[in-house]
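In what follows, a structure is listed as structure tokens, so that the remarks can point back to it.
The values are calculated or read from the model by the stated rules, or taken from the named source; none is laboratory data. Computed from a predicted model, the values in this text were never measured in an experiment. We place every Cβ from the backbone using ideal geometry, glycine too, and count neighbours over all the protein chains shown. Each accessible area value is taken on the protein alone, full model and side chains, heavy atoms only, with ligands, DNA and RNA left out. Shrake-Rupley method; radii C 1.70, N 1.55, O 1.52, S 1.80 Å.
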Amino acid sequence: MSGSVRCLVAGNWKMNGVLEEARSFVSELGNNPAPERVEVALMPPFTLLQALAEPLRQKGVSLGAQNVYYEPKGAFTGSISPMMLRDCGCVYVIIGHSERRDIIGERDEQIRKKMRAAWSAGLEPILCIGEHLEERENGQTNNVLKKQLAILEGGIPEAASLTIAYEPVWAIGTGKTATPEQVEETHAFIHEELQRLGRDCRVLYGGSVNPGNAAALMKTPGVNGALVGGASLKADSFMAIVAAAAEAN
Ligand code: PGA
């Protein structure tokens, strides 16, 4: 990726947040110091998308969802379609987060369908990939990532936008982050693999990113932003990570 790519700092609220908390969060959000170099996005739960769309737009923050179903409409009780997300003002959708893979049992085939469906509706998927600790310890990291990225084989549509989030599962919500060396090496592999599949794109790092480690992570070669869980729940820590990304880019 060229150095001129606009990086992305995205907050994944997971199953957190009710309306009152969300409103105070938005009112406390400071200014993005470098909107031309850093894009800020927030992925609250579905229940907050409508309410946050306009206030976030006014703050220059893009809206995204944490999941989507791959059918356009119909008898799929409890599911949300890509067009419904567009209708709420979403531009992004997280697909294949490890919590959905490991807790809900989502498989690559469903993830592949979700990617296609998101693209057809004009959403930009943030495809999450990452290895478990045992896989890293057994030297399997690259094989696991290659397999997860293989769902892109057969082509990324010409006009489609794509962001990848590399999130080592052992670093999510654990307070452990991958070292900058591990991140550099792994992001280089992912960029290479994306090129082989036809198109390189932004690769975010995710997994216990916080204001203390963001500067080093955001400066690491091959890192084009962050997917932030826990530290995105408070406006000040989230904006501190945005500031670190602005500094590094
Ligand atoms: P974390 O979550 O920052 O709380 O580790 C990141 C993620 O799961 O996207």
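From the mean inverse distance of alpha carbon pairs (Kirkwood) and the Cα radius of gyration, derive Rg over Rh for the range 97-227. Ratio of gyration radius to Kirkwood radius for the range 97-227: 0.94. Mean sequence separation of contacting Cα pairs (under 8 Å, at least six apart), scaled by the length of the chain, corresponds to a relative contact order of 22 percent.
Accessible surface computed residue by residue for the range 138-249, with neighbouring protein chains in place and a 1.4 Å probe, gives 41 Å² per residue. Multiplying the residue separation of Ala150 and Ala75 by 0.36 nm and subtracting their alpha-carbon distance yields 24.0 nm. Modelled label positions at Gln182 and Arg23, each set 7 Å beyond Cα in the direction of Cβ, lie 4.2 nm from each other.
Annotated for the range 7-248: lysine pairs at least 8 residues apart or interchain, Cα distance under 16 Å, count 5. Projecting label points 7 angstrom from Cα along Cα→Cβ for Ser120 and Gln50 puts them 2.5 nm apart. Each DSSP beta bridge with both residues in the chain is either parallel or antiparallel, and the antiparallel ones are about 0%. If you model the chain as an ellipsoid using its alpha carbon gyration tensor, with each semi-axis the square root of five times an eigenvalue, the axes come out at 24, 23, 17 Å, biggest first.
For the chain, the mean residue ellipticity at 222 nm estimated from helices alone is -10500 deg cm²/dmol, where every DSSP H run of n ≥ 4 contributes -39500 (n - 2.57) and the total is divided by all residues, rounded to the nearest 500.
Packing, as the average of other Cβ atoms within 10 Å across residues, places the peptides 221-231, 56-66 in the order 221-231, 56-66, highest first. In this rough spin-label picture, where each label sits 7 Å from Cα along the Cβ direction, the Glu109-Gln58 distance is 4.7 nm. Taking all C-alpha pairs of the range 132-193, those more than 14 Å from each other amount to 63 percent. Put simply, when 145-152, 20-27, 160-167 are sorted by average Cβ atoms within 10 angstrom per residue, most first, you get 160-167, 145-152, 20-27. Solvent-accessible area of the range 7-248 (1.4 angstrom probe, protein heavy atoms only): carbon and sulfur portion equals 51 percent.
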